[in-house]
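Data first, discussion second: the structure below is written as structure tokens.
The values are calculated or read from the model by the stated rules, or taken from the named source; none is laboratory data. Bear in mind that the values here come from a model prediction, so they are computed numbers and not experimental data. With ideal geometry, Cβ positions are generated from the backbone for all residues, glycine too; neighbour counts draw on all protein chains shown. Side chains are part of the model used for accessible areas, which takes the heavy atoms of the whole protein and leaves out ligands, DNA and RNA. Shrake-Rupley method; radii C 1.70, N 1.55, O 1.52, S 1.80 Å.
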Amino acid sequence: MAGSAAAAGGHLVNGARRAGFMVLAVIGAAALAGPLLATNDPVTQFREHILAPPMVPRLVDAEGRWHLRPFVYPLRVVDRLERRFAEDHERPVPLGLFVRGRLVAPLDAKAGPWLPLGADRLGRDGWARLVVGARRSLGVALVACLGALVLGVAIGVAAGYAGGVVDLAAMRVAEFVLVLPMLYVVLAARATLPPTIPPSMLFTLMTVALALLGWPVVARGVRAIVAREALQEFAVAARAMGASPARVVWHHLAPATWGFVRTQGLQLLPGAILAETTLSFAGLGFAPDAPSWGTLLYDAADIGVLHDAPWLLAAAGAVIAVVFAINLASLSIDPRRDPR
Amino acid sequence: MWRFLVARACFLIALVVAASSAMVAVTSLAPGDVTTERRLEGANADQLARERIRLGLDRPVTARIADWIGNAARLDFGTSFRYGQPVLALVTTRATNSLMLAGSALALALLIAVPCGLISGSGRFPRLAGVVGALSLALLSLPPLLVALMLTVVAVRTGWAPAGGMQSAGADEWALGDRLIDLAHHLLVPVLALGLPLAATLERLQQAAVAEGTTARHVLATSARGVGLGRWLWRALWRPTAAPFASVVGLAAGTLLSGSLAVELVTAWPGLGRLMFEALATRDVPLAAGCGAAAAAFLAFWTTLGDVVAWWLDPRLRPGATS
């Protein structure tokens, strides 16, 4: 009976992991296709739609009739001061596929903007900013992770293979970096630079900083695996046959670490995404004209505004969805969770 | 033990010196300084030059770092450029606030994590373990920054907690009891935001430690002897995991500090993180150095505390123990 319960748990874990990978694939594809999916230009300000609520695409109109083509009701300002909007039921705006270089957009360009996730304080399209920002946020995190992995593997292999002083020094440094509060360090480093720097430069700096803070966990694990593998007969034999250290490391020792490196990469991602988000949230990341998820949250961080416009928190939902999917994807059927 | 503590004290001093020197260097090398604002207000070049000399901003960075260390050794941490108050007083108040937040969050996290980890790790409650596992997975995906943002919105919309800050306006004149209740009310959102994700992390660690312990001989023996479930869980299973768990909690100090910074920014909690953020932004050199020193001291102290608690909990770690 315990066996069947464990087997059921295994299926559940496998399903959850697959679902996680699927969500990640969808979000990754959306980030790649950003400009195509965006319903408007992410920096255009629609003065008539400041803090407009989301415009839901419909199939059923106000009278209860079904339509084959999805449509939206345009928004009309009712009260400019209180920012109240009403749907204009007289003029439904039909949506079409591949209109003016967008995947989905209103067929009639003059019918006003379609804002699927509402607009922010400056009347900018929340959905457009979200999908365009995805590329920047996920890009920083992905490149930073790859950097941390490369650095961690290099240092870990060197420490595990060379041993002695190199090993000792590398591991002390790793332990030191490991206890550092990531945000404090990034914040201090960011403070040395001018308040506004070009997005491309910021991208580079942020990835370098996050890679420099992320490598220790990888290095420690790789070092342990390499040190263990170096004592195995095949490694000793390779060395005895005169293989160069580089060959021994690359062909005989490093392959044993790939599984570990893969899981570590997945586990580093959430931290990197959050670091970008927090930094931009603090106003030290990407500028409003180069939106990232953190920038979106920075724009939203006004309780008075959020109270009436909770859709500004869409970026928070996106971050949580990605992190949750990553956590699902990195689930393993942990043998220690198994009662036996 | 004493040798260990002395070594840790040396480490603490080294870390504090390194962190604060780094802060002096960072704020000094950064473009602009505190006088930039004065220039914008229309001060002339002569006034600015005199102000810079008064604040010591005309001297090379190395000399400023040396000065800072020399003065700090005499417990003189300087005066904040911006607030005009002694750095020591400013940093202590703010650090106390941060410590209150971090301490409450950790307490909440431990209260949740230890029993839950025990339940899911022991293998005795498979159904409950599944629920705990799913919950901790969900909580693990909710970073403090976003939880704080969302809870604040919920709090403002429903009014069950204040939107931010540490006390209500005019609370200084209230009776002590009312002030404490007011404080607890303000603590609610930041502590939940910081504590819940931490609880999930700690639950994972506790669960793994307990699960590993289930195969130990004494655990099997106690179980075979028919010891009651509660006693078996706490005495046989949990007790041996407590010491390594305490050292791991010590290592979470960095996470706690980073998380606390994010939460302080959202909920306007007047803590160390926000003070450092402001100090860096306004190029307030002494204040930034003081904040760096306080953060480093917190880090070193917390990790040491973890090890000391581990040593106190587990006699096997003490010198002279045979095992």
Would you confirm, using the coordinates I've provided, whether B:G56 is open to solvent by less than 80 Å² (accessible area, probe 1.4 Å), more than 13 Å from chain A (Cβ to nearest Cβ) and more than 20 Å from B:V87 (Cα to Cα)?
no
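Would you be able to say whether some residue in the stretch B:169-183 is surrounded by fewer than 24 Cβ atoms within 10 Å (Cβ to Cβ) and in contact (Cβ under 8 Å) with a residue 24 or more places away in the chain? Show your work before the answer.
Let us first name the residues in the stretch B:169-183 that are surrounded by fewer than 24 Cβ atoms within 10 Å (Cβ to Cβ), namely B:169-183.
Add one more test, that the residue is in contact (Cβ under 8 Å) with a residue 24 or more places away in the chain, and what stays is none.
Looking through the stretch B:169-183, none of the residues is surrounded by fewer than 24 Cβ atoms within 10 Å (Cβ to Cβ) and in contact (Cβ under 8 Å) with a residue 24 or more places away in the chain.
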Return yes when B:R274 is part of a helix (DSSP H, G or I), of a type outside the set (A, V, I, L, M, F, W, C) and either within 11 Å of chain A (Cβ to nearest Cβ) or open to solvent by less than 10 Å² (accessible area, probe 1.4 Å) (or both) and no when it is not.
yes
In the set B:A95, B:A102, B:A109, which member is open to solvent by 20 Å² or more (accessible area, probe 1.4 Å) and either closer than 30 Å to B:P197 by Cβ or modelled with pLDDT under 85 (or both)?
B:A95
From the list B:A300, B:A295, pick out the single residue that is assigned to a helix (DSSP H, G or I), buried (at least 24 other Cβ atoms within 10 Å of the Cβ), out of contact with any Ser or Thr (no Cβ under 8 Å at 6 or more places or on another chain) and facing another protein chain (nearest Cβ under 10 Å).
B:A295
From the list A:P216, A:P291, which one is of a type outside the set (V, I, T), open to solvent by less than 10 Å² (accessible area, probe 1.4 Å), touching a residue at least 60 places away in the same chain (Cβ under 8 Å) and within 14 Å of chain B (Cβ to nearest Cβ)?
A:P216
Collect the residues in the stretch A:266-282 that are within 16 Å of B:S141 (Cβ to Cβ) and of a type in the set (S, T, Y), keeping them in residue-number order.
A:T277, A:T278
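Give the residues of the stretch B:59-73 that are more than 19 Å from B:A18 (Cβ to Cβ) and surrounded by fewer than 13 Cβ atoms within 10 Å (Cβ to Cβ), sorted by residue number. Full working, then the answer.
First, pick out the residues of the stretch B:59-73 that are more than 19 Å from B:A18 (Cβ to Cβ): B:59-60.
Residue satisfying the conditions is B:P60 alone.
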Going by the structure shown, is B:A243 farther than 30 Å from B:A163 by Cβ and either part of a helix (DSSP H, G or I) or open to solvent by less than 20 Å² (accessible area, probe 1.4 Å) (or both)?
yes
The stretch B:38-56 residues that are of a type in the set (D, E), paired with ones that are in a helix (DSSP H, G or I) (beta carbon under 6 Å, 6 or more apart)
B:E51/B:T35
Only residues that are open to solvent by less than 60 Å² (accessible area, probe 1.4 Å) and not in a helix (DSSP H, G or I): list them for the stretch B:200-225, please.
B:T214, B:A216
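Kindly indicate the residue of the stretch B:67-91 that is assigned to a helix (DSSP H, G or I) and touching a residue at least 12 places away in the same chain (Cβ under 8 Å) and also farthest from the other protein chains (Cβ to nearest Cβ) among those meeting that condition. Reasoning before the result, please.
Quick first cut of the stretch B:67-91, residues assigned to a helix (DSSP H, G or I) only: B:67-73, B:87-91.
Next, only the ones that are touching a residue at least 12 places away in the same chain (Cβ under 8 Å) stay: B:68-69, B:72, B:87-88, B:90-91.
Values: B:W68: 15, B:I69: 18, B:A72: 18, B:V87: 17, B:L88: 20, B:L90: 17, B:V91: 14 Å.
In this case the residue turns out to be B:L88.
For residues in the stretch B:155-166 being within 15 Å of B:V191 (Cβ to Cβ) and over 20 Å from the mean Cα position of the chain (by Cα), which is most open to solvent (accessible area, probe 1.4 Å)?
Pass one, the stretch B:155-166, residues within 15 Å of B:V191 (Cβ to Cβ): B:155, B:160-162, B:164-166.
Next, from what is left, pick out any that are over 20 Å from the mean Cα position of the chain (by Cα): B:155, B:160-162.
Numbers: B:A155: 0, B:W160: 92, B:A161: 9, B:P162: 35 Å².
Per the stated criteria, the residue is B:W160.
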Can you name the condition, by its number, that A:A282 falls short on among (1) open to solvent by 40 Å² or more (accessible area, probe 1.4 Å); (2) within 12 Å of chain B (Cβ to nearest Cβ)?
(1)
Which condition number does B:V34 fail, the rest of (1) without any contact (Cβ under 8 Å) to a residue 60 or more places away in the chain; (2) more than 27 Å from B:L251 (Cα to Cα) being met?
(1)
Number of the exception - B:A288 against (1) within 16 Å of the chain's Cα centre (by Cα); (2) within 14 Å of another protein chain (Cβ to nearest Cβ); (3) open to solvent by less than 40 Å² (accessible area, probe 1.4 Å):
(1)
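So which of B:V248, B:V309 ends up being part of a helix (DSSP H, G or I), open to solvent by 10 Å² or more (accessible area, probe 1.4 Å) and either within 13 Å of chain A (Cβ to nearest Cβ) or within 28 Å of B:P31 (Cα to Cα) (or both)? Show your work before the answer.
Working: B:V309 fails: either within 13 Å of chain A (Cβ to nearest Cβ) or within 28 Å of B:P31 (Cα to Cα) (or both).
B:V248 is the lone residue from the list that is part of a helix (DSSP H, G or I), open to solvent by 10 Å² or more (accessible area, probe 1.4 Å) and either within 13 Å of chain A (Cβ to nearest Cβ) or within 28 Å of B:P31 (Cα to Cα) (or both).
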In the stretch B:251-271, how many are at the interface with chain A (Cβ under 8 Å from one of its Cβ atoms) and surrounded by fewer than 20 Cβ atoms within 10 Å (Cβ to Cβ)?
2
Any chance A:T257 is more than 23 Å from the chain's Cα centre (by Cα), of a type in the set (S, T, N, Q) and modelled with pLDDT of 85 or more
yes
Of the conditions (1) under 21 Å from B:L280 (Cα atoms); (2) over 12 Å from the mean Cα position of the chain (by Cα); (3) among the aliphatic types (A, V, I, L, M); (4) crowded, with 24+ Cβ neighbours inside 10 Å, A:L312 clears all except one; give me its number.
(1)
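Within the stretch A:124-144, does at least one residue satisfy the condition of being among the hydroxyl-bearing types (S, T, Y), at pLDDT 85 or above and within 30 Å of B:C291 (Cβ to Cβ)? Before you say what the answer is, go through the steps one by one.
Of the residues in the stretch A:124-144, the ones among the hydroxyl-bearing types (S, T, Y) are A:137.
Next, only the ones that are at pLDDT 85 or above stay: A:137.
The next check asks that each one be within 30 Å of B:C291 (Cβ to Cβ); those that pass are A:137.
Yes, that holds for at least one residue.
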Given the conditions (1) open to solvent by 20 Å² or more (accessible area, probe 1.4 Å); (2) more than 14 Å from every other protein chain (Cβ to nearest Cβ); (3) more than 23 Å from A:Y298 (Cα to Cα); (4) in contact (Cβ under 8 Å) with a residue 60 or more places away in the chain, every one holds for B:L192 apart from (3)
Restricting the stretch A:151-189 to residues that are of a type in the set (V, I, T), away from chain B (no Cβ under 14 Å) and touching a residue at least 12 places away in the same chain (Cβ under 8 Å), which is farthest from A:L279 (Cα to Cα)?
A:V157
Within the stretch A:265-272, does at least one residue satisfy the condition of being part of a helix (DSSP H, G or I), modelled with pLDDT of 85 or more and among the polar types (S, T, N, Q)?
no
Give the stretch B:144-170 a look and list any residue that's farther than 25 Å from B:R94 by Cα and in a loop (DSSP other than H, G, I, E, B), or say none.
B:G159, B:W160
